[in-house]
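Taking it in order: structure first as structure tokens, then the write-up.
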Amino acid sequence: MDLESTYEIDRVAGFISARAFRRVALQFPDELLKDSTRIVAALHEKLRSFNQLQAGSNGDAKDVKLYVMADTMYGNCCVDEVGASHANADCVIHYGRTCFSPTSTLPAFLVLGKASLGVPLCAQKLCEYIKKTGKPILVLYGLEYGHAITEIKASVGSQACFELEVHYADIMSPIITPPETFSSMNEQPELSDGQCANVRSTQESNAAYCIGGLTWSLPVGRRMEDYLIFYVGSDDPAFANILMTYNACEIVRYDATEDLLVNDFSQQKRILKRRYFLIEKAKDASIIGILVGTLGVAGYLHMIHQMKDLITRAGKKAYTFVMGRPNPAKLANFPECDIFVYVSCAQTALLDSKEFLAPVITPFEAMIAFGRGSEWTGAYVTEFRDLITSSPMEAKNQSEARFSFIQGGYVEDVEQQEVEEVEDGVSALVNITEKALRVRDKDSQTLMPGTAKSGAEYFATRSYHGLDIHPENNFSEPFLIGKSGRASGYKNETAQQS
């Protein structure tokens, strides 16, 4: 495929020209940086021709300044509004894999790209599965294969595969405009029950679904569990998001690069079991760190406040960390945290934390662990904007005994501090210091592991507290003179040799 077709030069230039943007940020993932110079040159040429048509005279393409952005602080799938703000950009053109998360302040245009796909082979595999299965089929796909779906429909129709009901998902509009409900980051979005955060149903009779930029509707009376999902694409975070969200559905994946069908997802299914284990581990945690994994997805600040409120109401201590792309070395700098809650987009939220010092969970898992009446049912939500509520979620009563699967018995968190009104800074500091001093043991000056309820208490449990000072010993000790000279031969050593 040629450059203009693959990267939609005409549509991008039309978007910029129609909205009269003058400073445009072009966001590229690492694998597409090699094409950035050619894309910038093609955009300049196309914008120049658009200016000539609109002005009726020689337009100046230099009026539109293009800035190339790479090495984003957070995931490549999200629009990097922080990086664009450094260039004072009016909008962002995002290239490559995307999660379709709405932006907070800047409009964006998503260029999905076009990956090669053998349409006849894919349609043949789909028809074979249509004839073999007894369920209606829902065809989902990676966004880079969206350009070939129309051909797949025609090819399947030509092979007379009409025995069962087949639905195809559509791609949402690539233009993202910051919603008015997110204009103030201290406000919450207005979501209706049963609808996803980034699409509204236009058909009242059908149930609308959306995930990762794909949207579709099912007839009345149909549920997702009634359908077999036929996914066209690679095993990437977008597919993992679908696999976790619709884990009750039968799923088949067509790998376009290898031309084969994959229906064994036992390894992925084990992830659900591990996520349940992490929820149980979070229930026993006392100090929770909230990892801010995005500064651009609309509603992220409200979700952080909601997590803080939920954790505090559960009688636990919360700390907030703004961190791009967490790794074991970064999080090991905060050993006082028993667990971390990762607030990020749906495709980066499922962080494999096996090698981390403390596990990392999602906001959905935190709500189950700390919320009253929340139990694990197998249903999973990766999009945090679908979890934002207008009223505070009721936390679990820590005074009630509960069974801990981690400790293997009933536990009662009687030592958890009750939620009190926020005091002034001096009083709060005095209370924390008094408690940190009060929990020290007279002999070992340490606590039992896992009993610290705040960062101050945790640091009081450390075996090393700096240089030991003994105020009861008032006698001064003589100074000792150390060695002098070079390591190859100190002065006292040379004197002995001579």
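The values are calculated or read from the model by the stated rules, or taken from the named source; none is laboratory data. All figures in this text were calculated on a predicted structure; none of them were measured in a lab. Neighbour counts are summed over all protein chains in view; Cβ atoms, including those assigned to glycine, are modelled from backbone coordinates with ideal geometry. The area values use the complete protein model at the heavy-atom level, side chains included, leaving out ligands, DNA and RNA. Shrake-Rupley method; radii C 1.70, N 1.55, O 1.52, S 1.80 Å.
Quickly run through segment 336-356 and pick out the residues that are over 13 Å from the mean Cα position of the chain (by Cα), assigned to a loop (DSSP other than H, G, I, E, B) and either of a type in the set (Asp, Glu) or at pLDDT 90 or above (or both).
Glu336, Cys337, Asp338, Glu355, Phe356
Out of all the residues in segment 361-402, which are at pLDDT 80 or above and of a type in the set (S, T, N, Q)?
Thr362, Thr377, Thr382
In the list Leu351, Leu301, which residue meets the criterion of being surrounded by fewer than 24 Cβ atoms within 10 Å (Cβ to Cβ), within 16 Å of Leu278 (Cβ to Cβ) and touching a residue at least 12 places away in the same chain (Cβ under 8 Å)?
Answer to the check: Leu351.
In segment 208-216, is there at least one residue being touching a Lys or Arg at 6+ places or on another chain (Cβ under 9 Å) and either crowded, with 19+ Cβ neighbours inside 10 Å or modelled with pLDDT under 85 (or both)?
No, there is no match, as no residue in segment 208-216 is touching a Lys or Arg at 6+ places or on another chain (Cβ under 9 Å) and either crowded, with 19+ Cβ neighbours inside 10 Å or modelled with pLDDT under 85 (or both).
Yes/no matrix, rows are residues, columns are (1) open to solvent by 80 Å² or more (accessible area, probe 1.4 Å); (2) of a type in the set (Ser, Thr, Tyr); (3) modelled with pLDDT under 85; (4) over 18 Å from Ala89 (Cβ atoms):
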| position | (1), (2), (3), (4) |
| --- | --- |
| Ala20 | no, no, no, no |
| Ala25 | no, no, no, no |
| Ala41 | no, no, no, yes |
| Phe50 | no, no, yes, yes |
| Leu53 | yes, no, yes, yes |
| Ser57 | no, yes, yes, yes |
| Asp60 | no, no, yes, yes |
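Pairs under 8 Å by beta carbon, first residue of a type in the set (Gly, Ala, Ser) in segment 32-43, partner open to solvent by less than 60 Å² (accessible area, probe 1.4 Å), six or more apart or different chains?
Correct list of pairs: Ser36/Leu26; Ser36/Phe28; Ser36/Ala70; Ala42/Leu3; Ala42/Tyr7; Ala42/Ile9.
I need the full set of residues from segment 267-295 which are within 22 Å of Ser101 (Cβ to Cβ), of a type in the set (A, V, I, L, M) and open to solvent by less than 10 Å² (accessible area, probe 1.4 Å), in order please.
Passing the criteria: Ile290, Leu291, Val292.
What is the number of the single condition among (1) modelled with pLDDT of 90 or more; (2) closer than 30 Å to His305 by Cα; (3) touching a His at 6+ places or on another chain (Cβ under 9 Å) that Leu112 does not meet?
Here Leu112 clears every test but (2).
How about segment 81-129: which of its residues are part of a loop (DSSP other than H, G, I, E, B), under 26 Å from Val232 (Cα atoms) and not hydrophobic (A, V, I, L, M, F, W, C)?
Scanning segment 81-129 gives Gly96, Arg97, Thr98, Ser101, Pro102, Gly113, Lys114, Ser116, Gly118.
Condition first: surrounded by fewer than 19 Cβ atoms within 10 Å (Cβ to Cβ) and either free of Cβ contacts under 8 Å to residues at least 60 places away in the same chain or not in a loop (DSSP other than H, G, I, E, B) (or both). Now tell me which residues in segment 238-248 satisfy that.
Residue satisfying the conditions is Ala240 alone.
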